[in-house]
Ligand SMILES: CC(C)(COP(=O)(O)OP(=O)(O)OC[C@H]1O[C@@H](n2cnc3c(N)ncnc32)[C@H](O)[C@@H]1OP(=O)(O)O)[C@@H](O)C(=O)NCCC(=O)NCCS
């Protein structure tokens with residue numbers, strides 16, 4: 001009985017969140033069909049964010065296209081493709097450009113950022129962190145069919161090649177070739193698959 005009632009409440013919650021999401025999606029630069037945001041999601045700069053079809057962001061996700069910080073002005077863009085799922089507590093922040101391709105699966109508590117608070121030099125580090133100028137070392141591109149594991153961080157100026165896997169808690173600071181698995185801090189390639197190996201694995 002309790003399971004049944006819980007199921008109904010879950011369904012009602014989903015429908016309610018879908019309706020709220022539909023209204024919210026009107027503020028995006030563009031948005032496809034079937035967009036769903038869970039509870040306590042924070043969106044900054046929706047007019048610079050485009051989202052494709054069938055997007056699910058579960059609870060406590062933050063997507064921020066930051067166009068102003070103090071006196072600094074940015075021209076940020078975040079493009080999210082079709083069939084993208086963000087699980088819980090992820091944070092995407094752009095002052096430059098972040099692209100998430102089609103069919104990308106983000107686990108929970110993932111951080112994707114194209115910027116830092118200042119440079120790692122004496123002048124900037126003498127200032128308080130909040131008063132350092134925000135700088136971008138370059139865009140983040142996540143190509144199609146990538147799976148990002150729990151707790152991973154993907155930092156600026158990185159391209160993750162199609163069909164790759166980012167292991168749980170990896171910190172990605174360099175480009176990831178397509179069809180590879182990277183793990184660790186900083187992330188290194190632990191496996192690269194080829195067509196033959198793919199066929200072998202699927203036997
Ligand atoms: C990377 C992953 C997919 C496994 O890939 P795999 O190719 O099967 O890797 P293996 O288990 O064969 O491990 C290969 C090596 O990488 C290491 N490794 C695996 N995952 C690792 C991780 N997250 N961090 C650091 N090293 C890792 C293993 O210890 C092993 O090291 P060794 O060769 O020295 O023994 C898996 O470990 C992982 O991180 N999955 C993410 C889980 C997750 O976040 N789920 C959320 C659900 S959406």
Criterion violated by residue 52 - all others in (1) touching a helix residue (DSSP H, G or I) at 6+ places or on another chain (Cβ under 9 Å); (2) in contact (Cβ under 8 Å) with a residue 40 or more places away in the chain satisfied: (1)
Residue list for region 72-90, filter: part of a strand (DSSP E or B) and more than 16 Å from the ligand (Cβ to nearest atom): 72, 73, 77, 78, 79, 80
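Could you grab me the full set of residues in region 59-69 that are assigned to a loop (DSSP other than H, G, I, E, B) and either within 27 Å of residue 178 (Cα to Cα) or in contact with a helix residue (DSSP H, G or I) (Cβ under 8 Å, 6 or more places away or on another chain) (or both)? Steps first, please.
As a first pass, look at region 59-69 and keep what is assigned to a loop (DSSP other than H, G, I, E, B): 59-61, 66-67.
Once the filter is applied, which keeps residues that are assigned to a loop (DSSP other than H, G, I, E, B) and either within 27 Å of residue 178 (Cα to Cα) or in contact with a helix residue (DSSP H, G or I) (Cβ under 8 Å, 6 or more places away or on another chain) (or both), region 59-69 yields 61, 67.
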Region 159-192, residues that are within 11 Å of the ligand (Cβ to nearest atom), under 15 Å from residue 147 (Cβ atoms) and either modelled with pLDDT under 95 or part of a loop (DSSP other than H, G, I, E, B) (or both): 164, 167, 168, 169, 170, 187
Residues satisfying the stated conditions in region 51-61, i.e. within 10 Å of the chain's Cα centre (by Cα) and surrounded by fewer than 17 Cβ atoms within 10 Å (Cβ to Cβ): none
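Every residue in region 99-148 that is under 16 Å from the mean Cα position of the chain (by Cα), in a loop (DSSP other than H, G, I, E, B) and more than 16 Å from the ligand (Cβ to nearest atom), please. Write out each step before concluding.
Just the residues of region 99-148 that are under 16 Å from the mean Cα position of the chain (by Cα), to begin with: 99-115, 138-148.
From what's left, in a loop (DSSP other than H, G, I, E, B): 101-104, 107-110, 114-115, 138-139, 143-146.
The answer is 101, 102, 114, 115, 138, 139, 143, 144.
Residue-by-condition table, conditions (1) more than 20 Å from residue 89 (Cβ to Cβ); (2) surrounded by fewer than 16 Cβ atoms within 10 Å (Cβ to Cβ):
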| site | (1), (2) |
| --- | --- |
| 123 | yes, yes |
| 129 | yes, yes |
| 151 | no, no |
| 156 | yes, no |
| 161 | yes, no |
| 176 | yes, no |
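The values are calculated or read from the model by the stated rules, or taken from the named source; none is laboratory data. Computed from a predicted model, the values in this text were never measured in an experiment. As a convention, Cβ positions derive from the backbone with ideal geometry for all residues, glycine included, and neighbour counts pool all protein chains shown.
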